[in-house]
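Asker: Here it is: the structure, laid out below.
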Amino acid sequence: MLPAALTSLLVSLLSLLPDSLNVEAVSPLLPTLSFELRHLHAVSPGAHVVFADVPQQAVILEENSHALQTRTIRTYKPPSFALYAQARAQSMRFGQSLLQDFPWEEEEITGPDVEDRVTLLELGKMSNNAYVESNDTAWYELGEEWTVSYPFGWEPDADGFRGHVFATPDNSTVVLALKGTSSGLLGGGGPTAKKDKLNDNLLFSCCCARVDWTWTTVCGCYRGGWKCNADCVEEALIEDSLFYPIGINLYNNLTYMYPSSDIWVIGHSLGGALASLLGATFGAPVVAFEAPGEKMAAGRLHLPSPPSTQHITHVYHTADPIAMGTCNGVLSSCALAGYAMESRCHLGLSIVYDTVSNLSWSVDVRTHGIVNVIEKVLSIPWLPAVEEGREVPEAHEEEDCVECYSWEYGDF
């Protein structure tokens, strides 16, 4: 121990340091946020976004509050959605280069702390619950404040995408959770499976799900050999039957309902990719779990690219061939089930859990499910990160990522 006189001298010297160097002068951490389930949303067979309010008698905040750690993040938002849509339309007509001078507005907003394991865990549970009704055995009980007294949008004839809307009691932050693909291959099924598969094959294939000559393509853009009509593919992705335009409508409805709120978008698999595309469009913070690469789809949709997409965070592990972009080829599990999951490049930052090296997992499409990620990856401390003084693996950009290199795109 230091002598008392020396200790007294050090204390006196520290008190003379300017605030900029004083540890106690550092700004405090942002507060945690408590969320309650506020709405259920779905798309009717007529492609109309519909909401159902959760009855307030089903919400109990005092006994079971749920908190997510937050942090300040920098993002870029369009001045208006009308201007954004105009820029997209001009790019579709004249070329992607016109988007370089788009007048983005830089902002600092409150987003989820993606370096906090518990925050990722709870966002993962919220993403899981987008797949199911609250009375389903697969529903994670996040607290009684999220108990739903009745289902909405889950009727047998409903074929649009689904999810949940969560909000803080003061409406400062709203979380939009989007459901991913429902299929027998990925765990489940149901009425949305057919349209989910169409979206997967349009968004994540190199050319309309042309895997080999035995496949029925989802659009007529294949031109023989390894040639694909680029304009045709872009037009196919912009069709109203896709989930992205519906997501745009949904997000605009939310901003109308909550004009002063920060809006986060989360999801798993296809839901995570759609969340990322919405985040790139509106500058909203995104956390996407086990999402296939959506960067190629963003380009084909002619989304104006902001100066940075680091407000988008992907969370996935190395044993998942869908997120890693290796579930492709004629004999792959995805192809055998009719899915052309050929993309691999992600927007924003990626937090990658190396479950192959650290947990000895085999690469298997069955590891893709969100429940697997919640219970075997996020529920316990990740030792390789802990050894580095972190809670989760460090986020990084995916550099030098190449996909669909065998294909030639042009005006054929």
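Where a number appears in this text, it was derived from the coordinates with a stated rule and is not lab data. Keep in mind that this is a model prediction, so the values were computed, not measured. Cβ sites come from the backbone with ideal geometry, for glycine too, and all protein chains shown count toward neighbours.
Asker: As an exercise, use a Förster radius of 22 Å and the Cβ-Cβ distance of residue 118 and residue 72 to find the FRET efficiency, rounded to the nearest 0.05.
Answerer: 0.70
Asker: With the radius of gyration and the Kirkwood radius both derived from the Cα set of region 218-331, what is their ratio Rg to Rh?
Answerer: 1.01
Asker: Which value in nm describes the separation of the simple spin-label points at residue 330 and residue 170, placed 7 Å from the Cα toward the beta carbon?
Answerer: Each label point is offset 7 Å from its Cα along the Cβ direction, giving 6.1 nm.
Asker: As an exercise, use a Förster radius of 56 Å and the Cβ-Cβ distance of residue 137 and residue 394 to find the FRET efficiency, rounded to the nearest 0.05.
Answerer: Using R0 = 56 Å, I get an efficiency of 0.95.
Asker: May I pose another question? Per-residue counts of other Cβ atoms within 10 Å, averaged by peptide: what ranking do you get for 395-405, 356-366, 289-299, highest first?
Answerer: Most protected by this proxy first, the peptides run 289-299, 356-366, 395-405.
Asker: Is there a pair in 77/194; 227/295; 77/197; 195/295 whose C-alpha atoms are over 28 Å apart, and which pairs would that be?
Answerer: Beyond 28 Å: 77/194; 77/197.
Asker: While we're here: In what sequence, highest mean first, do 385-394, 109-118 appear when ranked by Cβ atoms within 10 angstrom?
Answerer: Packing proxy ranking, top to bottom: 109-118, 385-394.
Asker: Stretch residue 249-residue 406 to full length: gain in nm at 0.36 nm per residue minus the Cα-Cα span?
Answerer: Between residue 249 and residue 406, full extension yields 53.0 nm more.
Asker: Need one number: nm distance between label points at residue 239 and residue 80, each 7 Å from Cα along Cα→Cβ, rounded to one decimal.
Answerer: Between residue 239 and residue 80, the simple spin-label model gives 3.2 nm.
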